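Here the structure comes first, spelled out in structure tokens, and everything after it is commentary.
The values are calculated or read from the model by the stated rules, or taken from the named source; none is laboratory data. Because the structure is a prediction, the values reported are computed rather than measured. Cβ coordinates were reconstructed from backbone atoms using ideal geometry, including for glycine residues, and neighbour counts include every protein chain displayed. SASA here: full protein model, heavy atoms, side chains in, ligands and nucleic acids out. Shrake-Rupley method; radii C 1.70, N 1.55, O 1.52, S 1.80 Å.
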Amino acid sequence: MIMKSIFEALHFTLSDNTSKRGRLELLVIHNPDGTPRWITPRAAKKPLFLKFYHRSTLRSWLIYSLIQLIYLLRVQRFLLKRRTVYLHRPERQLFDPFGDNWALFTGTPGPNNKLVIYTEMAESGRFIKVATTQQAKQLLQNEDDALWKLNFYSPQHLRVPTVVSAHSNTIELTDISRNGGRTDHFGKPHFKALSEIYSKTSERIGFDTLIAHHALDGKLSEMMDDDNSNIPKAILRKLTLLIESLKGTNARVSMGHGDFTPWNMYVADGILGVYDWELSNSQLPVGYDAFHFIIQKGILIERKPWKEIRKELHAAISAERFSAWTCNELESLDLYLKMYLAINTVNNLKLYSRQKHWHPQVHWMLATWNEALSDVMQGQKSPRELIIMDLFDLLHHKNYAAIKFPNHLPERLSEYSDIDLCIERKDLNTISQMLLSNPVVKQLELNHQTFMRNLRIVCTDGSILSVDLIWKIKYKGLEMMDAKQVLADAYVTHHGIKLMRLIDKVRYIGLFYGLNNRPIPSKLEAYEQILDNSTTELDRVLSANYSDSCTRRPELKSCIQQLPQNKAFARILNHIGYALDSLRQFFGSQGMVISFSGVDGAGKSTIIENTKQELEKKLRRRVVVLRHRPSFLPILSAWTKGRKRAEKDATESLPRQGKNTSAMSSALRFLYYYTDYFFGQFIVNLIYKRRGFIVLYDRYFFDFIIDGKRSNIQLPEGILKRAYRLLFQPDFNFFLYADANLILERKQELSKDVINELTQRYIDLFKGLGSRKRSAKYISVENVDLHSTVSLVVSTTQLSIAS
């Protein structure tokens, strides 16, 4: 049927007549989907269909050379697929199919589809294009108009085909490829050709006129309103914002090719020959064709990420070259790049929105356009918002379900929230690779487990996004829910994102809190009503857990242990996986140790509490607070009073009240506490830092150096400083200070003179340590405003993680 439709489009009718009259023997090379790509006569002595083939990569060169060798050895009829058809000759035919000097290309599927025939004669060749759709007819008419216009300009640095004939759905063109070669490098011939077009056709207009000329607003609106469109929604929102930002600007426009790519041109004798002018337009921003050449080559031939394509753009189109194109007007290449992205992306997305099935190259281009838009729009949207938009657009055509995700635009997600996605494991690397190459991602930290991968994304502004990609929904060694069924039941919201089915969300919440032995938050208790009509044992237990906010962990574990995925050999594999995941924690991302020092009343406790909350929310790390030291050993008085009583007395008593003046007693006391620091630091490193925790010290060893009296120790400062050198240095050390009068308003525990003396000694110590210690940071902060101090601490530690 496909072969029949091809020849009917060429005005031939297939016959069932098996006589030799009208018999046509063909060789056919197919597309990966089995449809014909190239058709050529079996008797052809040359592979003329290679006229349609662009050799740009090693693989394409090998294929080209192999086909040439096959024809040279005359074995093509044995290696290529053969097909015999019987034709009725029409009264008027576009070409003679019974000759041996032609080849046919079936074109790219879609609304712009055309059949292209190449016929070779003694001295020259001809291309005949046959439109198979109404839109393709309009493109052939556009090409006819463009070529007549270009020939009228008589270009000196540009060679274009001559129109031999043109009819309603066909156009015949001369072959301009003789003695020419292809190049993937944007060089002098390309620059001269475009410069000549710009010099003869450019004018200056407002971008609003360009919007109307290309109907950008209307196309975007149609795609945004179409809930059944296969176009991801976030890229449309980005394009809308970009176009709005360009309104009111001016641009120099000119005639352009519209599809200026290496496979549409030849270079001969230093002159560029360009064909396929179907997408030519009289109003394209200057530089449009140059951008298109480099970007399309980067995507479709070289498979480069946007970061590398942009570098090539700026290297190939120098400031001097671009200035010449814009008639020395002081406008940046980046402004015109934004215009190119707006026009090209909207027009192509509109074309793809009409196609039910996309070839892989469409997905490649869509991913790169999204990266490019994120790159040029960093001033309009935060990097975190842009990466969320790109993530959900990438997932648009994939099978996934967002877990516990709010039903609103994904980029509106709170900066304190992370993203949990149930996915198919085969999509794991595709998602990770997109994030690695995205221009708004500064650093990507991958933490692997047997059932999920955590992606910790540090954006270019230092903000952090945590994404969990889950293919098995597990609690320790048990699989809580069937991920495949969750994916099958997911639904699409009107914002274009796929969410967990409500009943699955309710079960997930109940299992998550119940198995972790935590009460369900009151704001989620209303979900219990969803379980009322269920008759399963698991839902009954979950419903009870919702209603009284109590935990029924044993019952829940018993229920999920009965699931098929937790029985027999699967149970063993799940527990092995949990053991491996637990072990892997010690070899994952490193945590951080932060100390806070200051005299009583400087505001340490408040700052530490607020810092803990901010770090947990923004860095998505667990935070623990230690007081003064690792506490591997209890305080000395615990040996006589007991630990709880000793800690209570220490908390309630005023500081600096000890009367010890004995050097021996001080040395013994210090040795005891130093033992705690020395050995305790290894324990802290092992159970906290190695597992990615953030440790906050409320006071640290510096109190022994500056304010030994507080610990009832009197030793020379030099000895204490030397002892500090044998300890691990906290990654960040903040000394908080304030005016003595302000401190006395908060706490009247120390005199003004003592406050001033201790403050100055701490500042001097931190200056000295900071000048010598390169890895650890020592920062003195005047703590006057709570918000400012916490912001400084969080941003400083955030930048360290991002670096």
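Quick notes on this one:
- Magnitude of the charge dipole for the stretch 746-800, about its Cα centre and with charges confined to Cβ atoms of Lys, Arg (+1) and Asp, Glu (-1), is about 320 debye.
- Between residue 68 and residue 668, the modelled label-to-label distance comes to 9.4 nm, taking each label 7 Å out from Cα in the direction of the beta carbon.
- Using the Cβ-Cβ distance between residue 199 and residue 58 with R0 set to 51 Å, the FRET efficiency works out to roughly 0.85.
- In percent, rounded to a whole number, the relative contact order of the chain is 7, using alpha-carbon pairs under 8 Å and six or more apart.
- Cα-centre dipole for the chain with unit charges at Cβ (Lys and Arg positive, Asp and Glu negative), debye to 20: 2900
- With the highest mean first, a sort of the peptides 427-437, 263-273, 72-82 on other beta-carbon atoms found within 10 angstrom per residue produces 263-273, 427-437, 72-82.
- Whole-angstrom gap from the stretch 376-398 to the stretch 415-493, using each part's C-alpha centre: 15
- At full extension, residue 782 and residue 348 could sit 150.7 nm farther apart than now, given 0.36 nm per residue minus the alpha carbon distance.
- Distance between the stretch 693-707 and the stretch 183-257 - C-alpha centres, whole angstrom: 59
- If R0 is 25 Å, the Cβ-Cβ spacing of residue 540 and residue 451 corresponds to a FRET efficiency of close to 0.40.
- Entry for semi-axes √(5λ) of the Cα gyration tensor in Å (calculated from the structure that is shown) out of [x] 56, 28, 21; [y] 69, 34, 24; [z] 56, 28, 25: [y]
- In the chain, taking the dipole from charged Cβ atoms about the Cα centre, the farthest positive-side position among 628, 544, 458 is held by 628.
- Size of charge dipole - the stretch 397-488 - debye, nearest 20, with Cβ of Lys, Arg +1 and Asp, Glu -1, no other charges: 280
- On full extension, the segment bounded by residue 679 and residue 760 gains 26.1 nm, given 0.36 nm per residue less the C-alpha separation.
- Potential extension, residue 355-residue 523 segment - 0.36 nm per residue separation minus Cα distance: 56.1 nm
- Cα lying deepest toward the dipole's positive end in the chain, options 88, 358, 64, charges on Cβ: 64
- Antiparallel content of DSSP bridges confined to the chain, in %, to 5: 70
- Label sites at residue 226 and residue 425, each approximated as a point 7 angstrom past Cα along Cα to Cβ, lie 3.7 nm apart.
- Residue 29/residue 308 FRET efficiency (R0 35 Å; Cβ-Cβ; nearest 0.05): 0.60
- Per residue value of the accessible surface for the chain (all protein chains in place, 1.4 Å probe), Å²: 47
- For the stretch 92-121 and the stretch 712-734, distance of Cα centres in Å: 84
- Highest average first, the peptides 724-730, 375-381, 338-344 ordered by how many other beta carbon atoms sit within 10 Å of their residues are 338-344, 375-381, 724-730.
- Residues 327, 559, 422, ordered by accessible area of protein heavy atoms at a 1.4 angstrom probe radius and largest first, appear as 327, 559, 422.
- Ranked by how many other beta carbons lie within 10 Å on average, peptides 42-52, 536-546 from highest: 536-546, 42-52
- Taking label positions 7 Å along the Cα-Cβ direction at both residue 145 and residue 78, the computed distance is 5.4 nm, reported to one decimal.
- Charge dipole of the chain about the Cα centre (unit charges at C-beta), most positive-ward option of 597, 103, 50: 597
- Portion, in percent, of the accessible area of the chain that falls on carbon or sulfur, probe 1.4 Å: 52
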